[in-house]
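Asks: Pasting a structure here, questions to come.
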Amino acid sequence: MRIRHSLALVLALAAGAVLVTGCGGGAAPEPKGWEPQDALQRADESLGKDVAAGARVTMRGTGFLKAGMDKTLETGGERPFRFDIACDSEESSRVTLLLSREGGSGDRSFDVSCTAGEVTRLNLPAGSALNAHIDPAPQEDSPPAGVVSWQLLTLDPEAVQGCPDALAGCPG
């Protein structure tokens, strides 16, 4: 009998604890703020969308806006290329990407939106290497408050949509 009385007491205490703590209920968790790892994942997922059949990633990279970007993109061969870049930031609404072709006649700048899910896609013909540059965005706080992900793809000539040479510019 004594065991039954103890068991009933334990069960009553456990039930009371559930009522007091609200196990499974209560206030909703506070929403997370901007997180660098989440931003990198969103940017990478955005890059993976709308990749044409027959396209092949030849180079890929990610980094923090705090460090900027300075890459040489190898664009030799016969097939055209597409440079895709995505930025995700809680502090910057856009960054400026500067592209120049080695031995070319100049530079061309492009605004890259730092809104989650947006990708800037630039078609480029094959040729000498390109330099892709984004100025560093100095920040005093840590962790960094902006990320950039990019990829360089080769395309089938039939898959090029829109302007075939973003560096040279296109009418309209």
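The values are calculated or read from the model by the stated rules, or taken from the named source; none is laboratory data. If you're wondering where the values come from, they're calculated on a predicted model, not measured in any experiment. Methodologically, a virtual Cβ is constructed for each residue, glycine included, from the backbone with ideal geometry; neighbour enumeration extends over all protein chains shown. In case anyone asks, the SASA skips ligands and DNA or RNA and just uses the protein heavy atoms, side chains included. Shrake-Rupley method; radii C 1.70, N 1.55, O 1.52, S 1.80 Å.
Asks: For the range 65-98, which positions are farther than 17 Å from SER113 by Cα, surrounded by 20 or more Cβ atoms within 10 Å (Cβ to Cβ) and hydrophobic (A, V, I, L, M, F, W, C)?
Replies: Step one: of the range 65-98, the residues farther than 17 Å from SER113 by Cα are 67, 70-82.
After this cut, where a residue has to be surrounded by 20 or more Cβ atoms within 10 Å (Cβ to Cβ) as well, the list is 75, 80-82.
Scanning the range 65-98 gives a single hit, PHE81.
Asks: Also, quick follow-up: Report every pair of residues separated by at least 6 positions or lying on different chains whose Cβ atoms are under 7 Å apart, first residue within the range 34-54 and on the phi > 0 side of the Ramachandran plot, second open to solvent by 40 Å² or more (accessible area, probe 1.4 Å).
Replies: GLY54/ASP156
Asks: Additional query: Is it true that ARG56 is touching an Asp or Glu at 6+ places or on another chain (Cβ under 8 Å), more than 17 Å from PRO36 (Cα to Cα), basic (Lys, Arg) and open to solvent by 50 Å² or more (accessible area, probe 1.4 Å)?
Replies: The answer is no for ARG56.
Asks: Further question on the same structure: Which residues, counting only those in the range 73-114, are assigned to a loop (DSSP other than H, G, I, E, B), closer than 21 Å to ASP50 by Cβ and touching a residue at least 60 places away in the same chain (Cβ under 8 Å)?
Replies: Residues of the range 73-114 assigned to a loop (DSSP other than H, G, I, E, B): 74-80, 90-93, 102-106, 114.
With closer than 21 Å to ASP50 by Cβ added as a condition, the list becomes 75, 79-80, 114.
Of everything in the range 73-114, those that are assigned to a loop (DSSP other than H, G, I, E, B), closer than 21 Å to ASP50 by Cβ and touching a residue at least 60 places away in the same chain (Cβ under 8 Å) turn out to be THR75, ARG79, PRO80.
Asks: Also, I was wondering about something else. How many of the residues in the range 75-112 are within 20 Å of ASP44 (Cα to Cα) and basic (Lys, Arg)?
Replies: Adding up the residues that qualify gives 2.
Asks: Sticking with this structure for a sec: From the set of residues in the range 121-136 that are assigned to a loop (DSSP other than H, G, I, E, B) and touching a Gly at 6+ places or on another chain (Cβ under 8 Å), which is most open to solvent (accessible area, probe 1.4 Å)?
Replies: Within the range 121-136, the first condition is being assigned to a loop (DSSP other than H, G, I, E, B), and the residues that meet it are 125-129, 135-136.
Then drop every residue that is not touching a Gly at 6+ places or on another chain (Cβ under 8 Å), which leaves 126-129, 135-136.
On the way: ALA126: 37, GLY127: 32, SER128: 52, ALA129: 10, ASP135: 105, PRO136: 72 Å².
My answer is ASP135.
Asks: Exactly one of these conditions fails for GLY117: (1) part of a strand (DSSP E or B); (2) more than 23 Å from PRO138 (Cα to Cα); (3) small (Gly, Ala, Ser). Give me its number.
Replies: (1)
Asks: Ok, one more. Which condition number in (1) assigned to a strand (DSSP E or B); (2) in contact with a Cys (Cβ under 9 Å, 6 or more places away or on another chain) is the one that LEU152 fails?
Replies: It fails just one condition, (2).
Asks: So, one more: Name the residue that is nearest to the chain's Cα centre (by Cα), counting only residues in the range 137-161 that are open to solvent by 70 Å² or more (accessible area, probe 1.4 Å) and touching a residue at least 12 places away in the same chain (Cβ under 8 Å). So that I can check it myself, show each step before the final result.
Replies: Residues of the range 137-161 open to solvent by 70 Å² or more (accessible area, probe 1.4 Å): 138, 140, 142-143, 157-158, 161.
With the extra rule that they be touching a residue at least 12 places away in the same chain (Cβ under 8 Å), the set shrinks to 138, 143, 157, 161.
On the way: PRO138: 19, PRO143: 16, PRO157: 26, GLN161: 22 Å.
That would be PRO143.
Asks: Checking THR62 against (1) within 17 Å of GLY117 (Cα to Cα); (2) at pLDDT below 90, which test does it fail?
Replies: Unmet for THR62, out of (1) within 17 Å of GLY117 (Cα to Cα); (2) at pLDDT below 90: (2).
Asks: Quick check, is PRO164 part of a loop (DSSP other than H, G, I, E, B), in contact (Cβ under 8 Å) with a residue 24 or more places away in the chain, out of contact with any Phe, Trp or Tyr (no Cβ under 9 Å at 6 or more places or on another chain) and under 30 Å from PRO36 (Cα atoms)?
Replies: On the way: part of a loop (DSSP other than H, G, I, E, B): yes; in contact (Cβ under 8 Å) with a residue 24 or more places away in the chain: yes; out of contact with any Phe, Trp or Tyr (no Cβ under 9 Å at 6 or more places or on another chain): yes; under 30 Å from PRO36 (Cα atoms): no.
Criteria not met by PRO164.
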